[in-house]
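For reference, the structure is listed below as structure tokens.
Coordinate-derived values only; no laboratory data. On a predicted model such as this, the values are computed, not experimentally measured, just so you know. Quick reminder, even Gly has a Cβ in these numbers, built from the backbone with ideal geometry, and neighbours come from all protein chains shown.
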Amino acid sequence: MIKLKGSIKISGDKSISHRALIFASLSTGKVKISNLLESDDVMRTLNILQELGIKIIKKNEKWIVYGNGTGGYIQPTQVLDCGNSGTSARLMMGAVASNPISCTFIGDDSLSKRSMSRLSIFLEKMGAEIKLTKKDFLPLHIKGDINLIPLEHVMQKASAQVKSAIILSALNLRGKTRIIEKRNTRDHTERLMSYLKIKFKKKILSKSSTSIELNGPYEIKPRDMIVASDPSSAAFFIVGALIIPESRITLKNIALNKSRIAFIDVLKKMGGKIRVKKNKTVSGENVGDINVTHSSLKSITIKASLSPYLIDEYPILSIAASQAKGVTVMRGLSELRHKESDRIRSIITNLSKIGYKVFSKKDDISIKGSNKIKLINQKKIKTYGDHRIAMSFVILSLIFKNKLIIDDESCISISYPDFKKHLKKLSTN
Ligand code: S3P
């Protein structure tokens with residue numbers, strides 16, 4: 001069997017890359033961005049910004065964004081195509097809302113089935129005019145306004161995209177905007193704002209709830225940014241090294257943001273031998289190296305309150321669970337139904353097809369691990385066009401030596417175009 005050995009630098013973080021581009025576009029001059037993730041999703045945001053009049057070029061491996069200030073977007077002449085990218089759609093809706101322009105957002109089939117009203121209700125309360133397809137979906141039309149009303153917003157549902165979109169809309173508004181998150185989510189937007197010296201107040205309301213107060217309009221001075229590497233992309237190789245005998249790898253330059261690496265604690269609780277070493281801070285994010293050694297894993301129950309911190313890692317955690325001793329239970333996964341695919345269905349269909357005992361009850365998934373399954377015939381894995389499902393099963397396929405056939409791997413470029421190249425670099429016989 002192939003084993004994973006050696007060391008690689010993972011590609012830039014997807015969430016931070018979208019935000020780096022958007023904040024650079026809102027700055028008052030030239031910003032250089034290093035280690036930007038050049039994936040399909042991030043390129044959607046980049047192209048949308050270009051449509052909105054922002055000059056962006058690549059020079060010597062760095063992207064240079066010529067910011068036009070907050071409120072500096074110009075009327076686009078074409079529709080803004082978000083492709084598969086929920087982050088592009090939601091963050092850019094927020095970013096354009098306080099500009100006096102009209103925009104039409106479109107997306108691919110998967111994105112056109114994902115809720116946009118979860119954000120538009122907030123923007124509409126502020127005074128933006130939004131027309132959605134069937135009251136919830138793309139294509140949508142938004143008429144922005146520089147005189148939107150700054151308000152207090154209470155977010156019941158955990159969503160970093162919605163929080164960030166409201167923050168982006170508030171940057172160009174005169175007055176106080178307050179956002180109360182009932183359940184905390186990833187905080188890259190806040191970290192970048194601190195790095196860019198955008199003044200805002202953050203208050204811890206309870207263990208899981210925070211408020212953010214902005215007082216705009218802001219002038220954002222240009223400052224170069226470095227994108228830390230993506231922990232969610234690293235997660236595929238981390239699980240790969242844990243489940244494949246004799247593996248031992250080091251992944252470098254990973255963003256060690258607490259709101260993103262909860263999966264490491266989960267895997268450690270399952271018995272995973274993982275060492276994390278912080279070595280520096282780049283553009284407001286802690287980064288470091290992660291060492292992983294093959295381990296025998298045991299099952300665990302993952303409580304629902306962790307779901308906002310594990311939201312992108314459940315597919316690869318379910319692969320870890322399939323190799324662990326006992327039944328792993330993952331609770332409170334309702335949001336997984338609203339991702340690039342219905343990930344509860346994608347996980348269950350594919351694992352059951354291989355022969356694992358997998359059950360779902362409401363929003364929980366239970367997976368009985370086994371290392372006894374031997375495949376005689378090939379099994380076709382359906383990705384449903386979902387990049388994280390595709391990468392998760394590519395990792396599991398390493399155990400089944402060419403017996404798992406992934407129906408479409410092209411979706412991997414949505415978040416990690418270099419995934420196969422990096423996997424090859426780590427693979428040895
Ligand atoms: C993201 C937030 C998460 C995550 C997505 C990226 C972001 O979505 O699933 O891949 O960059 O803000 P929600 O927080 O909206 O669930």
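Here is how the numbers come out for the structure above:
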{"item": "Per residue, the convex hull volume that the Cα atoms of the stretch 131-194 enclose (Å³)", "result": "111"}
{"item": "Label-point gap, in nm, between LYS176 and ASP342 - each point 7 angstrom along Cα→Cβ", "result": "4.4"}
{"item": "Estimated D of the chain in µm² per second, where Rh is the Kirkwood radius over Cα pairs and Stokes-Einstein applies at 37 °C, 0.692 mPa s", "result": "149"}
{"item": "Antiparallel DSSP beta bridges within the stretch 229-428, percent to nearest 5", "result": "75"}
{"item": "Estimated [θ] at 222 nm from DSSP helical runs (n ≥ 4, -39500 (n - 2.57)) normalised by residues in the chain, nearest 500", "result": "-9000 deg cm²/dmol"}
{"item": "20 Å Cα-Cα reach of LYS401 towards lysines, excluding residues that sit fewer than 8 places from it in its own chain", "result": "LYS3, LYS5, LYS353, LYS372, LYS374, LYS379, LYS380, LYS382, LYS420, LYS421, LYS424, LYS425"}
{"item": "Residue exposure sequence - GLU219, GLU313, GLU61 - by fewest surrounding Cβ within 10 Å", "result": "GLU61, GLU219, GLU313"}
{"item": "Compactness index (Cα Rg / 2.2 N^0.38 Å), the stretch 1-108", "result": "1.18"}
{"item": "Two-site label geometry, LYS273 and VAL79: point separation in nm, points 7 Å out along Cα→Cβ", "result": "5.4"}
{"item": "The stretch 229-428: C-alpha pair distances exceeding 26 Å, %", "result": "27"}
{"item": "Centroid-to-centroid separation of the stretch 163-195 and the stretch 93-138 [C-alpha atoms, Å]", "result": "18"}
{"item": "Mean separation of Cα contacts under 8 Å, 6 or more apart, over the residue count of the stretch 229-428: relative contact order %", "result": "18"}
{"item": "Rounded FRET efficiency, nearest 0.05, which uses the C-beta distance separating HIS141 from TYR66 and R0 of 22 Å", "result": "0.20"}
{"item": "Net dipole in debye of the stretch 14-216 [+1 Lys, Arg Cβ; -1 Asp, Glu Cβ; about Cα centre; nearest 20]", "result": "760"}
{"item": "Separation of alpha-carbon centers, the stretch 232-285 and the stretch 22-78, rounded to whole Å", "result": "30"}
{"item": "Options SER206, ALA128, ILE290, ranked by Cα towards positive dipole end of the chain, top entry (Cβ charges)", "result": "ILE290"}
{"item": "Reciprocal of mean inverse Cα separation for the stretch 14-216 (Kirkwood radius, Å)", "result": "16.7"}
{"item": "Computed label-point distance, nm, for sites LYS380 and ASP108 using a 7 Å Cα→Cβ extension", "result": "1.9"}
{"item": "Principal axis box of the stretch 169-301, alpha-carbon based, largest edge first, Å", "result": "58, 34, 20"}
{"item": "Sequence-separation-based contact order of the chain, relative, with Cα cut under 8 Å and 6+ spacing, percent", "result": "16"}
{"item": "Net charge dipole size for the chain [Lys, Arg +1 and Asp, Glu -1 on Cβ; Debye, nearest 20]", "result": "1620"}
{"item": "Reciprocal mean inverse distance between Cα atoms of the stretch 274-327 - Kirkwood radius, Å", "result": "13.5"}
